[in-house]
Amino acid sequence: MDRILKTARSSGSLNLSNRSLKEVPDEVYKILETVGEGDKWWEAVELQKLILAHNDIEVLKEEIKNLSSLSVLNICHNKLSHLPPAIGELQMLKSLDISFNLIVSIPEEIGSATSLVKLDCSNNLLKELPSSLGGCLDLSDLKASNNCITNLPEDLVNCSKLTKLDVEGNKLTVLCKNNIISWTSLTELNASKNLLISIPENIGLLSRVVRLDFHQNKISSIPSSIMGCSSLAEFYMGNNMLTSLPSEIGALSRLGTLDLHSNQLKEFPAGACKLRLSVLDLSNNTLSGLPPEIGTMTTLRKLLLSGNPMRTLRSSLVSGPTAALLKYLRSRLSSDEESGSAKTPAKEDHISMAARLSISTKVHTPALPTLHCASRGSGVKPEADLRVVEKFYDFFLRNFL
């Protein structure tokens, strides 16, 4: 231990992880007071990084405040039940990892650690986060997954530099719209495995978000404002209660992964086929078919459809390679287009048909006009002739079609 502490006095970093420690050695709290004989005390530096991970530590003492220059404190995977209020006196603290403990609450004093940039309090027994976190204005990475949190403090609205928020595996029923307004710097939001019934209507304000994860909630719809999430690359909505998708989802030009498995979707909108997806999971819904426009999604590498009551697609196509399914859907799209064009004769065809009928018909027709064609040297202008033909064409449409 003496050798490790001596090294820490010169480097400013102390790693005591995986040492089966029951408590933090007192020498750590007084690291600069225990300079041994022969040591160059004038070269000693204050501790800036302390790693105590993967031990059996049950208590972090108030003396932690003596390490006033700490910028990194990692005490994850221990047996802590609480943090000392003195944690707020670490004015230089930027990164705090207390994950995988037994902590039931975080003291409000944490808000005094105003330099805090990253906080990981995941996998504890927290029922709430302290509202004082709103005083940590530089907070950019907050991980509070796998706790028992029922709501997020409104004061988090002050944390406008937040770029990553992970609250997976809690008991959240709502995400506050006011917080969304200030979290416009978010690039990742994970609120999966909660009790959410809706996505905030102003979710489109998150124009920088790259990854949205709302899977395993009780969400029944996606707001049309989703089109504002112009940087979105991954969108996870599996295991919810979706019955339809907004057409605006087709505007997400950077979206590569769309997970919609285990919902109640009855159709996939043709407008969404404009997406340049590489992965589309539609498994375990109530789809009876697919729009042929999906065949135009040439960037699609993985299309999952199992667990749907498909009636218009052979099972071999549904379970087979994605490329083969896309090729089949493209062929259907082409045949539909050809069929549509065959049902709509061109105007020139109608005119030709009308001309032949005016000459050869022996059927009594109501006031069928005589068609005069301009001949060379007749003195009739071609423009006048065209007007006559078009007039006859209109007559033909009214009486014969």
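From Leu139, Leu133, Leu162, Leu125, grab the single residue that is closer than 14 Å to Ile106 by Cβ, in a loop (DSSP other than H, G, I, E, B) and open to solvent by less than 40 Å² (accessible area, probe 1.4 Å).
The conditions single out Leu139.
Among the β-branched types (Val, Ile, Thr), touching a Lys or Arg at 6+ places or on another chain (Cβ under 8 Å) and open to solvent by 20 Å² or more (accessible area, probe 1.4 Å), is that true of Thr296?
The answer is yes for Thr296.
Return yes or no: is Lys6 more than 30 Å from Pro153 (Cβ to Cβ), at pLDDT 95 or above and touching an Asp or Glu at 6+ places or on another chain (Cβ under 7 Å)?
Criteria not met by Lys6.
For segment 299-319, which positions are buried (at least 16 other Cβ atoms within 10 Å of the Cβ) and under 22 Å from Ser253 (Cβ atoms)?
Hits for segment 299-319 are Leu300, Leu303.
Please work out which one of (1) crowded, with 19+ Cβ neighbours inside 10 Å; (2) within 19 Å of Ser140 (Cα to Cα); (3) modelled with pLDDT of 95 or more; (4) not hydrophobic (A, V, I, L, M, F, W, C) is the condition Asn194 fails and give its number.
Of the numbered conditions (1) crowded, with 19+ Cβ neighbours inside 10 Å; (2) within 19 Å of Ser140 (Cα to Cα); (3) modelled with pLDDT of 95 or more; (4) not hydrophobic (A, V, I, L, M, F, W, C), the odd one out for Asn194 is (2).
Taking the conditions exactly as written (open to solvent by less than 10 Å² (accessible area, probe 1.4 Å), part of a strand (DSSP E or B), of a type in the set (A, V, I, L, M) and modelled with pLDDT of 95 or more), does Leu172 satisfy them or not?
no
I'd like to verify a number: residues in segment 249-298 that are closer than 22 Å to Ser231 by Cα, outside any loop (DSSP other than H, G, I, E, B), in contact with a strand residue (DSSP E or B) (Cβ under 9 Å, 6 or more places away or on another chain) and hydrophobic (A, V, I, L, M, F, W, C), how many?
5
Only residues that are out of contact with any strand residue (DSSP E or B) (no Cβ under 8 Å at 6 or more places or on another chain), under 17 Å from Gly134 (Cα atoms) and not polar (S, T, N, Q): list them for segment 93-109, please.
Ile106, Pro107, Glu108, Glu109 - these are the residues of segment 93-109 that are out of contact with any strand residue (DSSP E or B) (no Cβ under 8 Å at 6 or more places or on another chain), under 17 Å from Gly134 (Cα atoms) and not polar (S, T, N, Q).
If I ask for residues that are closer than 19 Å to Val45 by Cα and outside any helix (DSSP H, G or I), which ones from segment 60-89 would you list?
Leu67, Ser68, Ser69, Leu70, Ser71, Val72, Leu73
Of the residues that sit in segment 235-247 and are under 15 Å from the mean Cα position of the chain (by Cα) and not in a loop (DSSP other than H, G, I, E, B), which one is nearest to Arg211 (Cα to Cα)?
Phe235
Of these, Ala86, Ala113, which one is open to solvent by less than 60 Å² (accessible area, probe 1.4 Å), closer than 27 Å to Asn151 by Cβ and aliphatic (A, V, I, L, M)?
None of the others qualify; the one that does is Ala113.
The values are calculated or read from the model by the stated rules, or taken from the named source; none is laboratory data. Values in this document were obtained by computation on a predicted structure and should not be read as measured data. Note: ideal-geometry Cβ built from the backbone for every residue, glycine included; neighbour counts use all protein chains shown. Surface accessibility is based on the protein's heavy atoms, side chains included, excluding ligands, DNA and RNA. Shrake-Rupley method; radii C 1.70, N 1.55, O 1.52, S 1.80 Å.
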